Structure formats: structure tokens, C-alpha cells
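For reference, the structure is listed below as C-alpha cells.
The values are calculated or read from the model by the stated rules, or taken from the named source; none is laboratory data. Bear in mind that the values here come from a model prediction, so they are computed numbers and not experimental data. Glycine also receives a Cβ, built like all others from the backbone with ideal geometry; neighbour counts cover every protein chain displayed.
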Amino acid sequence: MSRFWSEMARRTEPYVPGEQLNRTDIIKLNTNENPYPPAPGVTEAIREAAQGLRLYPSPTADSLRQAIAETEGLKPEQVFTANGSDEVLAFSFMAFFNPGKAIRFPDITYSFYPVYSNLFGVPFEEVPLRDDFTLDTEAFSEADGGVILPNPNAPTGIYEPLDGIRRILQGNPDRVVIIDEAYIDFAGPSAATLISEFDNLLVVRTTSKSRSLAGLRVGYALGQPELIEGLVRIKDSFNSYTTDRLAQAGAEAAFRDAAYFEETTAKIIATRGRSVMRLAELGFTVLPSSANFLFCTYPEADAGVLYADLKSRNILVRHFGKPRIKDYLRITVGTEEEMDKLFRALEEILEIK
Ligand code: PMP
């Protein structure tokens, strides 16, 4: 703590991301990146865009927003883009939530929400998940300041069907409900189909997972123009350009290649299915995952020790310290080869013949 820090800096506990090791000998299954490269056209689009780096990018990211709107069957004025969905979420807190009015999110959820709440002085209430880790959708009604939750949830991977999301939206007609769909492409239908019905719905997405562009930092929001305008007001107040030229061009190329997106997403879903079965054979209990990661526990081993044993074998997974989930590991679905190496390592560690 420094005496020079503002009130904001003092009350902020920064988010600690999963380890990022730039080593090729590591099997990195800890931050839910896509194991496959981005669509082949992305690199060429970025190379071309680099010719224009002398110039500022489009402040409204028109071309990229158009590509996203076409993909989603929406209008460009229903799309907002920023530097990763973390930035979209930060802008959303500023645009739609207020100090003094408590928002609600699940007690087990993306750990950035409490960070932003504290940063922006927005109080929060954590709504406990049920014993089976599903959402208690009734408990989100009439939230004083609004609602934010991921669907599928993180780190559980559990998907809430749209009926439940609809109940939450109906229970909060005068507050914004943010559905963070970072992993939706590996799951069931998106809440984006409810946008025409609900003016209080903001859907937040990322290109970091299903589009393989975590390094490019492009996130987006979908909603009725009134909500999108709220985000634009905030954005224009401190970095009117947000996404850069390379990011706009690269992400647009990814959205234009639907076939590659469908192929890689299907591969990950197939590997997920096989991995769930393999982990169960090894004795793990695995929560039903609709994401590109698995949340699992091994009854006879300490998850923290398992995490460390895997790390000593150059396999990185994620272990969270929070009491209710301290016995669980979150494992990103990698390539078939990466998962086979993980299973072999687990067999050795657990001494399974
Ligand atoms: N929301 C959720 C639920 C996430 O798990 C993540 C990734 N850690 C994000 C948002 C942020 O993704 P990005 O900033 O890379 O778009």
C-alpha cells in the first residue's frame, strides 16, 4: 500500500490470472485458450492492416461490427467492440451499475466480477449456487442494482437453459442483466436470441475462446441500441478507439470464416466428450461441461497436490482456493494429443495401471 495511491487503488484487489508461461514444452490447460490456431485468413488480414499503422483505427470499428452483426443476425448498432471482453465488462459496470445499489452474481463465478465491483464502488450480493452447482434463477429476481453472470458458468462449465435466463430477465425489468457468454459457442442456444424481446439484456462475448484470438484482445457486446449507446458514451470518454487496426482486421477475418470456426469448435466438443469419459474411468467426478474446460474432482487426492504434481510434469491446469471448490481442478480441453499426455500423467500420479 502506498500513501500515493487513490481510494480506488487502495480498495482494489487486482485479479490474478492463470500462469502464462511462454514455453513450448508446457502443455497449457489452465486459461481456456483454444488449442487450434486462428482461422487461416487472420494472419494475412493482420499483415495487410499493418500497412496502415500510421493511421488511427476506425473509432467505431465499423467493418468488424458489421461482420459480427451479420454472424449474429443483428444490426451493427446492436454491436459494441472493445479490448477483450474484460474491457467490455469494465465498460458495462460503468455504464449500467451504480455505487450504492447492490448487483447480484453467483457465489461461484468469474473472479473478475468482485474485482470490478470493488474498483467501481458497486456493492454486490453473491447468490449461492445449488448443491449440484446449477443456478438458483429465482434468487436473482428484483436485484437492486442489476445482475451479471456467465453462461455457461465459469469455472463450473454448467449451462443454464434459456428458460432460466428468461426468468432472470423478467425478474429484473428495470435493471440491466449481463449474460457473459465467453463459452457459449461450446454450449446450447445463446441469450442473443432474446435481445429483441428484452431491452434490459446485454450479452457479452469474446473472440478469445472459440475464435482462437486470446492474444488479439477482442471482446464484444450485443444488445438493443439503447444499451450499446450507453457503452459508447463510456468508451468515448477515455479511449475512443479501443480496438486497434490489427485487432479489427484480424477479428473480422475470423468472423468471415464460419467453416473453420465450426470445424474447430466441433473438434473441441468431441475431445471434451472423450475426456469426460476418460476422467470418469480414472475415478474423477466431472461436472457436466458445456464449455471448453472440465471442472472435476478426485475423491482420494488433494486437488492442490494434483495441480502441483501435474505442473512438475509440465502440465498446467487451474486450481482455485475458494472453500467450496478447493477440491476441484479446472482443465482446459486441449488437442487429442495434449489430453492423452494429461491422462498418462494422471495415471502415473494416481498410480493407476
Ligand atoms: N468472461 C469469462 C467468464 C471468462 O472466463 C473470461 C476469460 N478468462 C473472460 C470473460 C475474459 O475474456 P477476454 O478478456 O479474453 O475476452
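Quick one: in region 188-215, of everything that is under 20 Å from Ser289 (Cα atoms) and surrounded by fewer than 21 Cβ atoms within 10 Å (Cβ to Cβ), which residue is modelled with the lowest pLDDT?
Gly188
Checking Ala251 against (1) of a type in the set (Gly, Ala, Ser); (2) in a helix (DSSP H, G or I); (3) in contact with a strand residue (DSSP E or B) (Cβ under 6 Å, 6 or more places away or on another chain), which single condition isn't satisfied?
(3)
Considering only region 129-169, state which residues are surrounded by fewer than 16 Cβ atoms within 10 Å (Cβ to Cβ), out of contact with any Lys or Arg (no Cβ under 9 Å at 6 or more places or on another chain) and part of a loop (DSSP other than H, G, I, E, B).
Hits for region 129-169 are Arg130, Asp131, Asp132, Pro161.
Could we say that Asp244 is surrounded by fewer than 19 Cβ atoms within 10 Å (Cβ to Cβ), in the same structural domain as Asp163 (by TED's automatic domain parsing) and within 16 Å of the ligand (Cβ to nearest atom) here?
yes
Out of the residues in region 49-84 meeting the condition of being in a helix (DSSP H, G or I) and hydrophobic (A, V, I, L, M, F, W, C), tell me which one is farthest from Pro189 (Cα to Cα).
The qualifying residue farthest from Pro189 (Cα to Cα) is Ala50.
Kindly provide the set of residues from region 3-28 that are within 14 Å of the ligand (Cβ to nearest atom), in a loop (DSSP other than H, G, I, E, B) and surrounded by 10 or more Cβ atoms within 10 Å (Cβ to Cβ), ordered by number.
Tyr15, Pro17, Gly18, Glu19, Gln20
Examine region 127-145 for a residue that is within 29 Å of Arg11 (Cα to Cα), more than 12 Å from the ligand (Cβ to nearest atom) and touching a Pro at 6+ places or on another chain (Cβ under 6 Å), and state whether such a residue exists.
The answer is yes, given that some residue of region 127-145 is within 29 Å of Arg11 (Cα to Cα), more than 12 Å from the ligand (Cβ to nearest atom) and touching a Pro at 6+ places or on another chain (Cβ under 6 Å).
Would you mind telling me which numbered condition in (1) away from the ligand (no atom under 16 Å from the Cβ); (2) closer than 23 Å to Glu33 by Cβ Ala102 fails?
Of (1) away from the ligand (no atom under 16 Å from the Cβ); (2) closer than 23 Å to Glu33 by Cβ, only one is false for Ala102: (2).
Taking only region 202-246 into account, find how many residues are part of a strand (DSSP E or B) and among the basic types (Lys, Arg).
Residues in region 202-246 being part of a strand (DSSP E or B) and among the basic types (Lys, Arg): 1 in total.
Residue check, Gly215 against (1) of a type in the set (Gly, Ala, Ser); (2) within 13 Å of the ligand (Cβ to nearest atom); (3) touching a residue at least 40 places away in the same chain (Cβ under 8 Å), all met but one. Which one?
Single failed check for Gly215: (3).
Report, ordered by the first and then the second residue, all pairs with beta carbons closer than 9 Å, sequence separation of six or more or different chains, a first member in region 99-116 that is free of Cβ contacts under 8 Å to residues at least 24 places away in the same chain, and a second member that is within 16 Å of the ligand (Cβ to nearest atom) and β-branched (Val, Ile, Thr).
As it stands, the answer is none, since no pair meets every condition given.
Only one of (1) modelled with pLDDT of 95 or more; (2) surrounded by fewer than 19 Cβ atoms within 10 Å (Cβ to Cβ); (3) within 16 Å of the ligand (Cβ to nearest atom) is not met by Asn239, so which one is it?
(1)
Take Leu162 and decide whether it is in contact with a helix residue (DSSP H, G or I) (Cβ under 7 Å, 6 or more places away or on another chain), modelled with pLDDT under 95 and not assigned by TED's automatic domain parsing to the domain that holds Cys296.
When the stated conditions are applied, Leu162 does not pass them.
List every residue pair whose Cβ atoms sit under 7 Å apart, with the two residues 6 or more apart in sequence or on different chains, where the first one lies in region 171-184 and is touching a residue at least 60 places away in the same chain (Cβ under 8 Å) and outside any strand (DSSP E or B) and the second, anywhere, is aromatic (Phe, Trp, Tyr) and more than 10 Å from the ligand (Cβ to nearest atom).
That search, which allows pairs on different chains as well, returns Val176/Phe96.
Against the conditions (1) without any contact (Cβ under 8 Å) to a residue 24 or more places away in the chain; (2) under 30 Å from Gly73 (Cβ atoms), where does Asp132 fall short? Just the number, please.
Unmet condition: (2).
Only one of these conditions is not met by Leu227: (1) more than 16 Å from the ligand (Cβ to nearest atom); (2) under 17 Å from the mean Cα position of the chain (by Cα). Which number is it?
(2)
Scan region 283-310 for residues that are surrounded by 16 or more Cβ atoms within 10 Å (Cβ to Cβ) and farther than 17 Å from Asn32 by Cβ and report the count.
7
Just to be sure, is Phe112 within 16 Å of the ligand (Cβ to nearest atom) and in contact with a Ser or Thr (Cβ under 7 Å, 6 or more places away or on another chain)?
no
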